[in-house]
Amino acid sequence: MRRFSYFLLAVTVLLYSCETGNSNDSEASSSDSSATEQATAVDGHDSQNSLDWTGKYTGTLPCDDCDELQAEVTLEENGRYSRKLIYKGKSNTPLLSAGMFEWNEAGSAITLKSFKGNVQVFKVGENKLIYQMPEGSSGEYILSKVQEKPEEAV
């Protein structure tokens, strides 16, 4: 009889802990964006294989020594990129660079690596690149995808 009581108590505790653990886990995962990215990558859907990310993106990026940094980034299917930067308020001559980019393990962000060794990280979203600021910096900078116009019939 005593064994049965211990068994019943153990089963009750186990069932109760599983039930409360699930609700806490679901609340934690809904508020944790990194958990969402990991879950997305696990089921095979991520920015790398689910979005049409190739193409040209334009917008502004932060600039320490100029008024505004106008950026144009073009991503190619083969892992290459080209970038044009214009330092407004300093020079109107575009600075051109090119290199390779790599996807992170989750397939949600890319790292642009220039041939000169410069690195920039962007999170890839639907028709946008979101510049990932260095730690301790604030602000959000988005490059929007340039939509190609369909060619008109002659």
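With +1 assigned to the C-beta of every Lys and Arg and -1 to the C-beta of every Asp and Glu, and no other charges, what is the dipole magnitude of the range 50-145 about the Cα centre in debye, to the nearest 20?
It comes to approximately 300 debye.
Give me the distance in nm between label points sitting 7 Å out from Cα along the Cα-to-Cβ direction at CYS63 and LYS123, one decimal.
With each label placed 7 Å out from Cα toward Cβ, I get 2.6 nm.
Could you give the length gained by full extension between GLU148 and LEU85, i.e. 0.36 nm per residue of separation minus their alpha carbon distance, to one decimal place? Present the calculation step by step, with values, prior to reporting the outcome.
Values: separation 63, 0.36 × 63 = 22.68 nm, distance 2.08 nm.
Here the answer is 20.6 nm.
Note the full-extension length gain between GLU140 and THR93 as 0.36 nm times their separation in residues minus their Cα-Cα distance, in nm to one decimal.
Contour length minus Cα-Cα distance gives 14.4 nm.
Extending each Cα 7 Å along its Cβ direction at LYS116 and ASN49, get the distance between those two points in nm, one decimal.
3.6 nm
The numbers here are math on the coordinates, done by the rules we state, and not lab data. The structure presented is a predicted model; accordingly, all values stated were derived computationally and were not measured. As a convention, Cβ positions derive from the backbone with ideal geometry for all residues, glycine included, and neighbour counts pool all protein chains shown.
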